[in-house]
1. Report those helices (runs of 4 or more DSSP H) wholly inside segment 76-195 carrying at least 1 residues which are within 14 Å of Lys65 (Cα to Cα), of a type in the set (Val, Ile, Thr) and touching a residue at least 12 places away in the same chain (Cβ under 8 Å).
2. For Ser23, state whether it is at pLDDT below 55 and more than 26 Å from Gln121 (Cβ to Cβ).
3. Pick out the one residue from Ile12, Ile64 that is modelled with pLDDT of 90 or more and either in a helix (DSSP H, G or I) or under 18 Å from the mean Cα position of the chain (by Cα) (or both).
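The values are calculated or read from the model by the stated rules, or taken from the named source; none is laboratory data. Owing to the predicted nature of the structure, the values given are computational and were not obtained by experimental measurement. Glycine gets a Cβ as well: all are built from the backbone with ideal geometry, and neighbour counts include every protein chain shown.
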Amino acid sequence: MEKYKKWGIAGIMLMLLIALFYSQTRGSGAEETARIPAAVREEAPETNKQSKAPQEPRQLVVDIKGAVQRPGVYELPGGSRMREAVERAGGLLPEADGAKINLAQLLQDGMMVYVPRAGEQIAAPEAPEQAAKIAVNTATKEQLQQIPGIGPKKADAIVQYREEHGPFQRAEDLLEVPGIGEKLLEQMKGSMIVP
């Protein structure tokens, strides 16, 4: 009987040791977390967000117009270059002025690309964020029609006014063009450049 008591006590002691060890190992993880300063714990998720932010979109949608075989809207992989957009549109037409486009330029989602014909004057954007904006003083009738609210008749009126009165000095000068009012001018401002 004494033998069983000794084994019983030893078993209980062993169970207590296991329980104590188990509670210490589970509790130590919580203690370590508690020892980490709050500022460090809060910074970790932001660091993860920042590392994900600059990733390229998986697909780009690009509108290519002008002197290409098949103008249209194309989906391209993220990180694509202008050369790939031109190739997807069937390549340049014989009358295209390939020297006026940068085939190495990285494309952006929602970008509009215009390939000019030889001898056609286009305004070069001053900054990358202006790449999709139309320079009203140098744009062709077709380019002007890419501005929201401008159709063939208003594009003709802009070109005619520009030829008769010279270049526009400020955006408000467009109010002198027949058919352009304050409301339309506000709509146009985000898509055009006027010196």
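1. Details: elements: 82-88, 141-144, 152-165, 182-188.
Qualifying helices (runs of 4 or more DSSP H): 82-88.
2. Details: at pLDDT below 55: no; more than 26 Å from Gln121 (Cβ to Cβ): yes.
No; evaluated as a whole, the condition is false for this residue.
3. On the way: Ile12 fails: modelled with pLDDT of 90 or more.
Every option except Ile64 fails the conditions.
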